[in-house]
């Protein structure tokens, strides 16, 4: 095992922040006409599901990356408006699994379909509908849950979009789905999407306090922020083989001390993560610490360990120990 600290600066990161949880919050009674419900965000890898949820709830709670299969856990983001509360369920991208981890991720995404009030099926509007989209469409067709087809990345569409739009319009028409077009990156069309989703929810209560934006504990978010930097900074062979466990969080009025272990499958991956004279690990740690300080709104000391655990993605037991299990 190797260890590095990521604290080459004592200055907390600047920028506005919103607490993820306000302790002691109460769940109020919903006013007349109030709507609420759970909406699963479903789609292929890399269509912008996590970016969309972050935009909708107004703060970063899901990590994003160009690397496919970035999202590994079902993550709930909560949007509370004067007339509605929407609980968005961000899911792993549905893909053909190559290992036991992939099997767990896809099963969790599929399980989410049957446990929500509405599905937002997100597709990449910069390319025509493909086999992966049609596969997911068939899965959704087997579930008794309403669906809105969300065409994302309209900012990346060429001026002439008739062919692209037609491929998705045809897909929606076959299943009788409503279509919404938007850009999660720029925010264009998101107000219309929000209205479209609320219109399809039933009257209901507050499920969470109005100031809560995620149900995940801070430890989970901290681990994801560390993994996000690994995705951003390391070579292709490393990101899919990485898991992060938060071993200890110690808080006092002046600083929060965090110890975390990064698991990889091979010694070569460990070497890439560490880098020459520890340079890569210092960069990962420094960047992650800056993001964690925004989350916690205070100074953070971050120490990272690296450990090799061979073939952990193929072992159901090791997956469970690292926090990856089938969610019912």
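The values are calculated or read from the model by the stated rules, or taken from the named source; none is laboratory data. The shown structure was predicted, so the numbers you read here are calculated from the model rather than taken from an experiment. Quick reminder, even Gly has a Cβ in these numbers, built from the backbone with ideal geometry, and neighbours come from all protein chains shown.
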**Prompt:** For region 116-134, how many residues are surrounded by 14 or more Cβ atoms within 10 Å (Cβ to Cβ) and outside any strand (DSSP E or B)?
**Reply:** 9
**Asked** Right, residue 263: in a strand (DSSP E or B), at pLDDT 90 or above and surrounded by 17 or more Cβ atoms within 10 Å (Cβ to Cβ) or not?
**Response** yes
**Request:** Tell me which of these residue 240 doesn't satisfy, since it passes every other one: (1) surrounded by fewer than 21 Cβ atoms within 10 Å (Cβ to Cβ); (2) in contact with a helix residue (DSSP H, G or I) (Cβ under 9 Å, 6 or more places away or on another chain); (3) without any contact (Cβ under 8 Å) to a residue 60 or more places away in the chain.
**Result:** (3)
**Message:** Tell me yes or no: at least one residue of region 103-111 is at pLDDT 90 or above, under 21 Å from the mean Cα position of the chain (by Cα) and surrounded by 16 or more Cβ atoms within 10 Å (Cβ to Cβ).
**Reply:** no
**Complete:** Scanning region 40-52 for residues that are outside any loop (DSSP other than H, G, I, E, B), surrounded by 24 or more Cβ atoms within 10 Å (Cβ to Cβ) and touching a residue at least 60 places away in the same chain (Cβ under 8 Å) gives 40, 41, 42, 49, 52
**Request:** Pick out the one residue from 42, 18 that is modelled with pLDDT under 90 and closer than 26 Å to residue 113 by Cα.
**Result:** 42
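Picking from 219, 289, which residue would you name as being in a helix (DSSP H, G or I), touching a strand residue (DSSP E or B) at 6+ places or on another chain (Cβ under 6 Å), within 22 Å of residue 54 (Cα to Cα) and in contact (Cβ under 8 Å) with a residue 40 or more places away in the chain? Quick ask: steps written out before the conclusion?
Working: 219 fails: in contact (Cβ under 8 Å) with a residue 40 or more places away in the chain.
That would be 289, the only listed residue that is in a helix (DSSP H, G or I), touching a strand residue (DSSP E or B) at 6+ places or on another chain (Cβ under 6 Å), within 22 Å of residue 54 (Cα to Cα) and in contact (Cβ under 8 Å) with a residue 40 or more places away in the chain.
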